[in-house]
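Engineer: Below is a structure I'd like to ask you about.
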């Protein structure tokens with residue numbers, strides 16, 4: 001199963017893009033909303049659960065994908081959300097992870113590609 005985790009309800013438009021692809025391909029997933037900054041304990045708990053892949057959606061500082069990756073050895077896909085600076089701030093936050101804390105990153109607001117990548121990782125498609 002795949003966990004879609006978003007930093008806040010304001011990211012729901014991107015969450016819906018991921019859901020649409022998964023629903024069309026009969027992929028099992030769960031959705032949670034938790035901020036790396038406001039709910040770090042919840043994020044850590046979720047990252048330690050037995051999901052096959054995590055899709056972490058976040059804007060601004062976009063710490064969520066990295067925090068998830070710091071608590072799991074499973075694949076983490078980051079989706080930067082456009083907000084300030086057109087999403088470039090979030091994109092750079094996600095791709096500039098330190099060695100040993102890998103996070104895959106798709107394009108800004110590109111929830112669809114996150115879903116397709118997750119399916120390839122678990123070999124659904």
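The values are calculated or read from the model by the stated rules, or taken from the named source; none is laboratory data. The shown structure was predicted, so the numbers you read here are calculated from the model rather than taken from an experiment. Here Cβ is always computed from backbone atoms with ideal geometry, including for glycine, and neighbour counts include all displayed protein chains.
Engineer: Quickly run through the range 29-83 and pick out the residues that are out of contact with any strand residue (DSSP E or B) (no Cβ under 9 Å at 6 or more places or on another chain) and either outside any loop (DSSP other than H, G, I, E, B) or under 16 Å from residue 13 (Cα atoms) (or both).
Structural biologist: Passing the criteria: 40, 41, 44, 45, 70.
Engineer: For the range 92-125, what are the residues that are part of a helix (DSSP H, G or I) and more than 24 Å from residue 30 (Cα to Cα)?
Structural biologist: 92, 93, 95
Engineer: Before we move on, is residue 34 buried (at least 20 other Cβ atoms within 10 Å of the Cβ), more than 22 Å from residue 116 (Cα to Cα) and modelled with pLDDT of 95 or more?
Structural biologist: Working: buried (at least 20 other Cβ atoms within 10 Å of the Cβ): yes; more than 22 Å from residue 116 (Cα to Cα): yes; modelled with pLDDT of 95 or more: yes.
Here the answer is yes, as residue 34 does meet what is asked.
Engineer: Please pick out the residue among 84, 123, 49, 99 that is surrounded by fewer than 19 Cβ atoms within 10 Å (Cβ to Cβ), out of contact with any helix residue (DSSP H, G or I) (no Cβ under 6 Å at 6 or more places or on another chain) and under 19 Å from residue 33 (Cα atoms). Don't jump to the end; show me each part of the working.
Structural biologist: Details: 84 fails: under 19 Å from residue 33 (Cα atoms); 123 fails: under 19 Å from residue 33 (Cα atoms); 99 fails: under 19 Å from residue 33 (Cα atoms).
Exactly one residue qualifies, and that residue is 49.
Engineer: Scan the range 1-28 for residues that are out of contact with any strand residue (DSSP E or B) (no Cβ under 8 Å at 6 or more places or on another chain) and closer than 12 Å to residue 118 by Cβ and jot them down.
Structural biologist: Those that are out of contact with any strand residue (DSSP E or B) (no Cβ under 8 Å at 6 or more places or on another chain) and closer than 12 Å to residue 118 by Cβ: 21, 25.
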